[in-house]
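Accompanying notes for the structure given below.
Every number in this text was worked out from the coordinates using simple rules, so none of it is lab data. Computed from a predicted model, the values in this text were never measured in an experiment. Note that each Cβ is placed from the backbone with ideal geometry, even for glycine, and that neighbours are counted across all protein chains shown.
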Amino acid sequence: MLDLNTKKIKKNAYRVTKVRGETASRVRVPGGLLTAELLPLIQNIAETFGNGRIHLTTRQGFEIPGIKYTDMDAVNALLQPIIDKLEINQEIPGKGYTSAGTRNISACIGSNTCPFATYNTTNFAQKMEKEIFPNDLHFKVAFTGCANDCIKTRMHDFGIIGMTEPQYEKERCMGCQACVKACKKKSVDALSVENYRIVRNTEKCVGCGECVINCPTRAWTRSPVTYYRLVIMGRTGKRNPRLAEDFLVWATEDAIIKIIKNTYGFVNNYIDREAPGGKEHIGYIIDRTGFEEYKKWAMEGVELDPRTIVKGPVYWSGIHYDGK
Amino acid sequence: MTELNPYIPFLSKITEVIKHTEIEFTFRMTYSGDVKPGQFFEVSLPKFGEAPISVSGIGDGTVDLTIRKVGKVTDEIFENYVGDTLFLRGPYGNGFDIANYKGKEILLVAGGTGLSPVKGIVDYFSAHPEDCKGFTLLVGFKSPKDMLFKKDFEIWKKNINVIMTVDYPDEHYDGNCGLVTQYIPELMIKGLTDAVGIVVGPPIMMKCTINDLLAKGFKEENLWISQERKMCCGIGKCGHCKIDDTYICLDGPVFNYTKGKFLKD
Amino acid sequence: MGYQTTAEKINAIFSDLSKDYLIYAPKRFVGDGTFTYIDTIRYGEITDLAEIEFAEKSNYSFKEVLLPISETLFYFTENEMKEADAPKKGAIVFLRSCDLHGLKRMDTIYLENGGVDTYYKRLRDHTKFILMGCENSFENCFCVSMGTQTSEDYDAYLKVDGDNVLVDSRWDYLDAALAGATQAPVIADSVTANDTVVTIPETVPQTLFDDPFWEEYGNRCIACGRCNFVCPTCTCFTMQDIFYTDNGKAGERRRVWASCHVDGYTDMAGGHAFRNDKGQRMRFKVLHKVNDYKRRFGTHMCIGCGRCDDVCPEYISFANCINRLNTLVNDTVKEEN
């Protein structure tokens, strides 16, 4: 006879599935990068307690289905080395994931591998995980290396898009215009030529680094500091799916971490306590409080780089299926 | 002693401007050094750049530069510099050696502005017809409007055999029509074994004309061509005009066909 | 004369020399590369031996010291021209044996072919060259095939081994500065073999200029010109005239590096161009490096540093192209016989 507290189960990162008696365990992999040695451990859980199959989640975690609710303690024990190795914050060792509301933080492959990435997305994702997990509020955060946005940060509550500020050493430029062509064809056409030298339209430039990548003489190089575009409140869902909009442009790592942490305070304060399952997307809360109130909470104590542009008021579009 | 900086141009006065067409003028420039037909000057326009222009006439203390308005530099010459001065560097290149043609029967085939670099040769033999066994100038222009050196033609016609043709005649034109190559078969060349052929014009015109002259019986070693390439320096440094082991600016632009036929870009 | 001395002593000599010379050496530019967190090894000014990157091949050659990427030739107003001033100081350049051979190629073009280039000569006359040895061959090097693995044309050879520095000086100034240092025989480190070996065809028949062999390169090459820009023997330039935006009557003429792979290299006013096909540009470059240059000047142009292979974003190997070309030439000759 099963007698379960489904709220506790869910908070422990298990799903209440459609199959009576069976759950599924979600394994967090911040930044979507793990060492191969962990795969046999996941395999072992799936083969010992699951149905031998593993689902790759959209958030870059693993979901191991077909686990008996009665085996959750045993599974939690087997999860421990994975949790340890991936350095997941945890309240009680051996008891599995402390919470599940703040979802696994995903990241594109980033500068470890990708030629376009402007920063190490995995490292930033792991750092963010350390800062905000375990929190059970429903936050989705994703990191992407460049404006191509392969991880689709614009469908997240918080999307962090890497930017580099191109540095131009005019004496190393012979005016071959490889950068101009690349910017025009692959990016936003922010470069023009004046007197055989390149002029960058700083308002247009999205910091993708195509100029740097295509420069054959190192006339274009990257800024020592990596900057980020912080896009907020993208979401999917039944009522009003929408893409995230720019909040900060040319923001620094510290500012982004602080804003996201501040947002937990905002949500705690304004969340609808009657919301089904105690879950409410941040975006709907902001819809209720107004953007300026959110901004007040989010920017509390945030130190901005002089380059940072703060957008506002921010409006979101998207489709309103709810007729509002 | 410091060597002269070859990149710094000298100022030359425009003594006369002869307008051939809307876009082709001859600038008569003061210049008193040695110069040969087929050599070229870099016409230098501060702010706009330089353009290699071949010598189209040599006078007493002057050289003629026939300039076609086709680019940034030449556009500007036409807009702003008429009646004033121009900066020049040069002369560069080997040029045509008149001595190579003296005492021979000469056929000179030119297409359009290709007449400029060889005009000095025509001028010479028109003035000294006794120095050769015969001189035929076969020249083609796109249309009557594009004709260059009209006044010179009047003089040449008196002294040498001139065949002029246009690709596209207009209603007032009653001369020869068609490509220069159409007129090659009918040419009466007396001694093909040592007759000289000089061919200058657009690449495709030169290729077809040379083929026709070879077919007619001209000898390779008696054929001469002049090549045109992008040049930034004129002195063997910038590399743009190099073809195989040859620098057009140093070793050319005039080549005997026995060498010229191996110039493959 | 060979000496054994200390890094401290050499740095002190450099300090004295810096009154009259800028010292250029390959050094690490952190994060300066094409991709994020990738360093570049290229030439920059140094004041201390520790700044010199001895352990890796430089991505760019020393040529930018003598042939700057962008060099102002003269300034002009409407009717006057004024030659740009030469640098006030001379230069000391650290470079490897292959690059010293590259220097000869530059000399050939800029001091001999068609006469003396004022701007090159005035830099060259005030430049001293310090050889860096090669204990091991780097990836893609084929100096041994090109016969450039050793060079005697240096003003000094310098080897750093911890605090010890071995010097072979052929420069009076240095000999005087090192008077009192321990004398020791010093022989420059050099390699005797490379992993990459190239065989250059003796002659390449012109009938092969249009061979389908080049088409493959035409499909692969993206005409970025990186192979030219990193090459110590590529010396082409293009002129640029600029006018000052705050005074439209004044301006300057400068020359900038040019590349026979990049669009526009053969474009003439009026629009005619000669090698639109990228495969033909490859043919033009390859044969210049290992065929027609030698016919004109007596040595191959390529010095086997392999930087073109290091840098090509499309993984086109120049070295392999030569070897494949050699096979093609041999097969063609066999067929004809």
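Okay, here's what the table says:
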{"item": "Relative contact order [Cα under 8 Å, 6+ residues apart], chain A, whole percent", "result": "13 percent"}
{"item": "Where only C-alpha atoms are counted, convex hull volume of the range A:166-221 per residue in Å³", "result": "63 Å³"}
{"item": "Prolate/oblate/rounded call for the range C:1-142, Cα gyration tensor, a/c under 1.5 rounded", "result": "prolate"}
{"item": "Binned Cα-Cα distances of the range B:136-205, short to long, each 5 Å bin given as a whole percent", "result": "3, 14, 24, 26, 20, 9, 3, 1, 0"}
{"item": "DSSP loop trypsin sites (Lys or Arg not before Pro) with at most 10 other Cβ within 10 Å excluded, longest remaining stretch of chain C", "result": "C:89-337"}
{"item": "Antiparallel %, DSSP beta bridges [both residues in the protein assembly as shown], to 5", "result": "70 percent"}
{"item": "Cα coordinate range in the range A:6-85, projected on the principal axes (Å, largest first)", "result": "34, 23, 20"}
{"item": "Whole-Å semi-axes of chain B's equivalent ellipsoid (Cα gyration tensor)", "result": "29, 22, 17"}
{"item": "The range C:206-336 - Rg over Rh from alpha carbon coordinates, Kirkwood radius", "result": "1.06"}
{"item": "Selected from C:270, C:214, C:187, residue furthest toward positive end of dipole (the range C:117-273; charges at beta carbon)", "result": "C:270"}
{"item": "Fewest-first sequence of B:196, C:333, A:141 by Cβ atoms within 10 Å of each Cβ", "result": "C:333, B:196, A:141"}
{"item": "Using a Förster distance of 35 Å, the FRET efficiency for residue C:222-residue A:56 (Cβ separation, nearest 0.05)", "result": "0.50"}
{"item": "The range B:10-92: mean projected area of Cα convex hull, nm²", "result": "4.7 nm²"}
{"item": "With at most 10 neighbouring Cβ atoms within 10 Å, loop GluC sites (Glu not before Pro) (DSSP) excluded, longest segment of chain A", "result": "A:92-202"}
{"item": "Trypsin sites (Lys or Arg not before Pro) restricted to the range A:227-285 and DSSP loop, no more than 12 other C-beta within 10 Å", "result": "A:238, A:273"}
{"item": "Principal axis dimensions, the protein assembly as shown - Cα atoms, whole angstrom, descending", "result": "125, 86, 65"}
{"item": "Positive-end extreme of charge dipole, chain A - chosen from A:236, A:145, A:265 (charges on Cβ)", "result": "A:236"}
{"item": "Relative contact order of chain C, pairs being alpha-carbon contacts under 8 Å that are 6 or more residues apart, as %", "result": "21 percent"}
{"item": "Ratio of the Cα radius of gyration of the range A:100-180 to 2.2 N^0.38 Å, where N counts its residues", "result": "1.39"}
{"item": "Ranking of A:320, C:101 by count of other Cβ atoms within 10 Å, fewest first", "result": "A:320, C:101"}
{"item": "Under 5 Å, built H, 5+ apart or other chain: amide partners of residue B:162", "result": "B:137"}
{"item": "Per DSSP, loop GluC sites (Glu not before Pro) in the range B:1-98 with at most 15 further Cβ within 10 Å", "result": "B:3, B:22"}
{"item": "Rg and Dmax of the range B:91-248, Cα atoms only, in Å", "result": "16.0, 49"}
{"item": "MRE, 222 nm, helices only [DSSP H, n ≥ 4, -39500 (n - 2.57), over chain C, to nearest 500]", "result": "-7500 deg cm²/dmol"}
{"item": "Enclosed volume per residue, in Å³, of the convex hull spanned by Cα atoms of the range C:1-53", "result": "94 Å³"}
{"item": "Dimensionless Rg/Rh of the range A:226-303 - Kirkwood Rh, Rg from C-alpha atoms", "result": "0.98"}
{"item": "Mean separation of Cα contacts under 8 Å, 6 or more apart, over the residue count of chain B: relative contact order %", "result": "17 percent"}
{"item": "Derived scalar couplings ³J(HN,Hα) [the range B:14-22; Karplus, 6.51 cos²θ - 1.76 cosθ + 1.60; whole Hz; x for Gly, Pro]", "result": "7, 8, 7, 10, 10, 8, 8, 9, 4"}
{"item": "Amide N proximity, the range B:8-39 versus residue C:80 label position 7 Å along Cα-to-Cβ, cut-off under 18 Å", "result": "B:8-12"}
{"item": "Calculated SAXS-style log₁₀ I(q)/I(0) at q = 0.25 Å⁻¹ - the range A:152-191, Debye, Cα scatterers", "result": "-0.94"}
{"item": "Gyration tensor over alpha-carbon atoms, chain C, equivalent ellipsoid semi-axes in Å", "result": "35, 29, 18"}
{"item": "Chain A: calculated mean residue ellipticity at 222 nm from DSSP helix runs of at least 4, using -39500 (n - 2.57)", "result": "-8000 deg cm²/dmol"}
{"item": "Helical contribution to [θ] at 222 nm, DSSP H n ≥ 4, -39,500 (n - 2.57), averaged over chain B, rounded to 500", "result": "-5000 deg cm²/dmol"}
{"item": "Ascending count of other beta-carbon atoms within 10 Å, so fewest first, for A:243, B:4", "result": "B:4, A:243"}
{"item": "Residue with peak Gaussian network fluctuation, chain B [Cα springs, cutoff 10 Å], from B:93, B:111, B:191", "result": "B:191"}
{"item": "Residue pairs, from the table B:133/B:261; C:89/C:121; A:11/A:295; C:27/C:289; A:184/C:249, whose Cα atoms sit over 20 Å apart", "result": "B:133/B:261; A:11/A:295; C:27/C:289; A:184/C:249"}
{"item": "Sequence-distant aspartates and glutamates (8 or more away, or on other chains) whose Cα lies within less than 13 Å of residue A:185", "result": "A:210"}
{"item": "Share of pairwise Cα separations in the range A:183-259, more than 19 Å, in percent", "result": "52 percent"}
{"item": "Chymotrypsin sites (Phe, Trp or Tyr not before Pro) lying in DSSP loop within the range A:1-66, provided at most 12 other Cβ fall within 10 Å", "result": "none"}
{"item": "Cα centroid separation, the range C:54-86 to the range B:123-165 (Å)", "result": "48 Å"}
{"item": "Equivalent ellipsoid semi-axes, chain A, via Cα gyration tensor eigenvalues times 5, rooted, Å", "result": "40, 24, 16"}
